[in-house]
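Trainee: To start, I am sharing the structure in question, which I have written as structure tokens.
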Amino acid sequence: MEYLVQQVLNALSIGGNYALLALGLAIVFSVIGLVNFAYGEVIAVAGYVMFAVFMVSGIEYAVLLMPVGVLAAIGISVALERVAFRPVRYAPAATGLLTAFGVSIVIRNFFVTLVATRSKAVPTPQWLGYQIDIGIARIQVIQILETSVTALALLLLVFILRRTNIGLAMRAAARDFDMVRMVGINANKVIAAAFAVSGFLAGLAAIFIIARRGVVDPFMGFTPVLKAFVAAVLGGFGSLPGAVVGGFLLGALEVFFQIVLPSSIAGYRDAFVFVLVSVILVWRPQGLVGTKRQFGDKDE
Amino acid sequence: MLELNSVCVDYGAVKAVQSVDLRVEEGEVVALLGPNGAGKTSLISAVMGIVPVSSGTVRFEGQDVTLASPEEKVRRGVGISPEGRRVFANLTVAENLQLGASTQPDKAVRAAQLAKYLEMFPILKERYHQKAGTLSGGEQQQLAISRCLMSAPRIVMLDEPSLGLAPVIVERIFELIAELKAAGLTILLVEQNASEALNVADRAYLMHSGRLRFEGSAQDLLNSDDLMSHYMGLGEAQ
């Protein structure tokens, strides 16, 4: 029983992280049809800014570094849109994709050249690793935080998307961007808002990734974003509820295979996960939550 | 109020609109007629700024707005109910109307506008919390028109408001247009349904293959069997 509860919490915290990142990818895709493969670098930038602030100021209180990381992620996400993606906004989708790859390579090599390929230590609060006994299980503080912060972020996002004008505009833009402009809403504002939300989610995810690893390196965002991309496709790419469902399901699958695979083949866990994901996609090509294209939908 | 001077629209090598001169005066209802593929929607889209004007100028209230973005045009007072209605199907009627009022900063004015159009389009009040995608074609058309009116436009461009609707609904839509006209709204009405459009319009333009073929009073066009049969494919004007 205790083992089961612990594994469920594992799945929730891993899945929560994927859900945050999958949402970040999905919200940008749904608004402008861009698959942002530079998203991993948003995480890396958040990590390196935390590292830089730590080096310069000597602040050891990791809790103070966390908001810095989130703000950095929002800033770089919005800045990338302005500098890199806006000039190719009306180009074919492949151009945006290649631009994202380019941005990704430039930022990664910026860190490789100016900092180091090796990882750099960033202070993380010790109490994140403390274990709390809740009777039926012993759980780490970081797991509780990860799960609850993810839940809060999702609630905040739902509030923004349902109750604010800019949120409504983002949802409307997912269906028909030109029509959003024809009711007088500034296209740049909606897109900047989507990138800001996307950056915010990456910032939160970055904090947990760093808290677990204790270090930053130029490639730290690659694997999480790759997994998040799989999660988003699994849920139905472009669908926001789908991103959340896909994120948590992928987390659960990983934990499941971690448990059931004998240790001799445990190294192939991801292969098993991806085979199962492929089977699901053969059964539902539009993803679990995604809907089939309807007349009047965007044709990206 | 709205003045187009030799406006051309090209899609690559295809010339969708060739050198169109058109004007709409304040308080007028002007019909822009023509068969499918005549370039009417291309022209409207270019006026709105959704597709680029390749040459010529668009002036609104004396100012050159040829290069202005769609959002800028809406702020200046140009409203559009586009072809195919294009309501936000994934949002509720309430949310669609809220987005329509995006350019109106004053909350009290927004509320007053909303009350006014819910009274004018009572079906929207009934469907207020339903997703727009669940509405019938006629209801969606009313939503598209009222969404456009929520921005308190000085001129409204209605692109094929009767397209794909049952005759009884078409009649209702044209009644609404007549009501808007009576309220003093300036309207550019794009239609294939020539007879209904001409009954409500003051003046009319006839477009065919990207060019204007006729310009004059709605009455003259109604009475000209030759023009109507030649360009609209009608046996005779009804």
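The values are calculated or read from the model by the stated rules, or taken from the named source; none is laboratory data. No experiment lies behind these values; they were computed from the predicted model shown. Here the Cβ positions follow ideal geometry from the backbone for every residue, glycine too, while neighbour counts run over all protein chains shown. Heavy atoms of the whole protein, side chains included, go into the accessibility calculation; ligands, DNA and RNA do not. Shrake-Rupley method; radii C 1.70, N 1.55, O 1.52, S 1.80 Å.
Trainee: Specify which of the listed residues (A:226, A:240, A:157, A:234) is away from chain B (no Cβ under 14 Å) and open to solvent by 20 Å² or more (accessible area, probe 1.4 Å).
Mentor: A:226
Trainee: Tell me which residues, restricted to the stretch A:193-206, are away from chain B (no Cβ under 14 Å) and of a type outside the set (Phe, Trp, Tyr).
Mentor: Correct list: A:194, A:196, A:197, A:198, A:199, A:201, A:202, A:203, A:204, A:205, A:206.
Trainee: Could you please find all residues in the stretch B:81-104 being within 17 Å of residue B:9 (Cβ to Cβ) and open to solvent by 10 Å² or more (accessible area, probe 1.4 Å)?
Mentor: Within the stretch B:81-104, just B:83 meets the criteria.
Trainee: Going through A:181, A:82, A:171, A:86 one at a time, which residue ends up being on the phi < 0 side of the Ramachandran plot, surrounded by fewer than 19 Cβ atoms within 10 Å (Cβ to Cβ), part of a helix (DSSP H, G or I) and within 14 Å of chain B (Cβ to nearest Cβ)?
Mentor: So the residue among A:181, A:82, A:171, A:86 that is on the phi < 0 side of the Ramachandran plot, surrounded by fewer than 19 Cβ atoms within 10 Å (Cβ to Cβ), part of a helix (DSSP H, G or I) and within 14 Å of chain B (Cβ to nearest Cβ) is A:86.
Trainee: So, in the stretch B:91-122, exactly how many residues are within 13 Å of chain A (Cβ to nearest Cβ) and either of a type in the set (Ser, Thr, Tyr) or within 19 Å of the chain's Cα centre (by Cα) (or both)?
Mentor: So the answer is 8.
Trainee: Residue B:21 versus (1) touching a Cys at 6+ places or on another chain (Cβ under 8 Å); (2) at pLDDT 95 or above; (3) not β-branched (Val, Ile, Thr): which is the lone unmet condition?
Mentor: (1)
Trainee: Picking from B:58, B:109, which residue would you name as being over 24 Å from residue A:170 (Cβ atoms) and part of a strand (DSSP E or B)? Give the derivation first.
Mentor: Values: B:109 fails: part of a strand (DSSP E or B).
Only one candidate qualifies: B:58.
Trainee: Output the residues belonging to the stretch A:35-68 that are without any contact (Cβ under 8 Å) to a residue 40 or more places away in the chain and part of a helix (DSSP H, G or I).
Mentor: A:49, A:52, A:53, A:55, A:56, A:57, A:64, A:67, A:68
Trainee: All but one of (1) closer than 29 Å to residue B:25 by Cβ; (2) within 11 Å of chain A (Cβ to nearest Cβ) hold for residue B:88; state the number of the condition that does not hold.
Mentor: Status for residue B:88: all satisfied but (1).
Trainee: Considering only residues that are open to solvent by 20 Å² or more (accessible area, probe 1.4 Å) and not in a loop (DSSP other than H, G, I, E, B), look in the stretch B:126-141 and name the one that is farthest from the other protein chains (Cβ to nearest Cβ).
Mentor: Among them, the one singled out is B:126.
Trainee: To continue, here is another question. Got a number for residues in the stretch A:24-34 being out of contact with any Ser or Thr (no Cβ under 8 Å at 6 or more places or on another chain) and either buried (at least 22 other Cβ atoms within 10 Å of the Cβ) or in a helix (DSSP H, G or I) (or both)? Steps first, answer last, please.
Mentor: Just the residues of the stretch A:24-34 that are out of contact with any Ser or Thr (no Cβ under 8 Å at 6 or more places or on another chain), to begin with: A:29, A:31-34.
Within this subset, residues satisfying the condition of being either buried (at least 22 other Cβ atoms within 10 Å of the Cβ) or in a helix (DSSP H, G or I) (or both) are A:29, A:31-32, A:34.
Residues meeting the conditions: 4.
Trainee: Which of the residues that make up the stretch B:40-63 are open to solvent by 20 Å² or more (accessible area, probe 1.4 Å), in contact with a Ser or Thr (Cβ under 6 Å, 6 or more places away or on another chain), more than 14 Å from chain A (Cβ to nearest Cβ) and not hydroxyl-bearing (Ser, Thr, Tyr)?
Mentor: Correct list: B:53, B:56.
Trainee: Next question. For the stretch A:7-21, which residues satisfy the criterion of being over 12 Å from the mean Cα position of the chain (by Cα) and small (Gly, Ala, Ser)?
Mentor: The answer is A:11, A:13.
Trainee: Considering only the stretch B:9-39, state which residues are open to solvent by 30 Å² or more (accessible area, probe 1.4 Å) and part of a strand (DSSP E or B).
Mentor: B:10, B:11, B:14, B:15, B:18, B:19, B:21, B:23
Residues checked against (1) of a type in the set (A, V, I, L, M); (2) on the phi < 0 side of the Ramachandran plot; (3) at pLDDT 90 or above:
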| residue | (1), (2), (3) |
| --- | --- |
| B:159 | no, yes, yes |
| B:164 | no, no, no |
| B:177 | yes, yes, yes |
| B:181 | no, yes, yes |
| B:184 | no, no, yes |
| B:195 | no, yes, no |
| B:201 | yes, yes, yes |
| B:205 | no, yes, yes |
| B:212 | yes, yes, yes |
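Trainee: Can you find a residue that is in contact with a Gly (Cβ under 8 Å, 6 or more places away or on another chain) and small (Gly, Ala, Ser) anywhere in the stretch A:205-216?
Mentor: Within the stretch A:205-216, one or more residues are in contact with a Gly (Cβ under 8 Å, 6 or more places away or on another chain) and small (Gly, Ala, Ser).
Trainee: Select from the stretch B:212-226 the residues that are part of a helix (DSSP H, G or I) and either under 19 Å from the mean Cα position of the chain (by Cα) or among the β-branched types (Val, Ile, Thr) (or both) and list them in ascending order.
Mentor: Across the stretch B:212-226, the qualifying residue is only B:218.
Trainee: Is it the case that residue A:209 is surrounded by fewer than 24 Cβ atoms within 10 Å (Cβ to Cβ) and more than 14 Å from chain B (Cβ to nearest Cβ)? Quick ask: steps written out before the conclusion?
Mentor: On the way: surrounded by fewer than 24 Cβ atoms within 10 Å (Cβ to Cβ): yes; more than 14 Å from chain B (Cβ to nearest Cβ): yes.
For residue A:209, the condition - surrounded by fewer than 24 Cβ atoms within 10 Å (Cβ to Cβ) and more than 14 Å from chain B (Cβ to nearest Cβ) - is met.
Trainee: Which of the residues spanning the stretch B:161-188 are touching a residue at least 40 places away in the same chain (Cβ under 8 Å) and open to solvent by less than 10 Å² (accessible area, probe 1.4 Å)?
Mentor: Within the stretch B:161-188, B:161, B:176, B:177, B:186, B:187, B:188 qualify.
Trainee: So which of B:145, B:123 is open to solvent by 20 Å² or more (accessible area, probe 1.4 Å) and in a helix (DSSP H, G or I)?
Mentor: B:123
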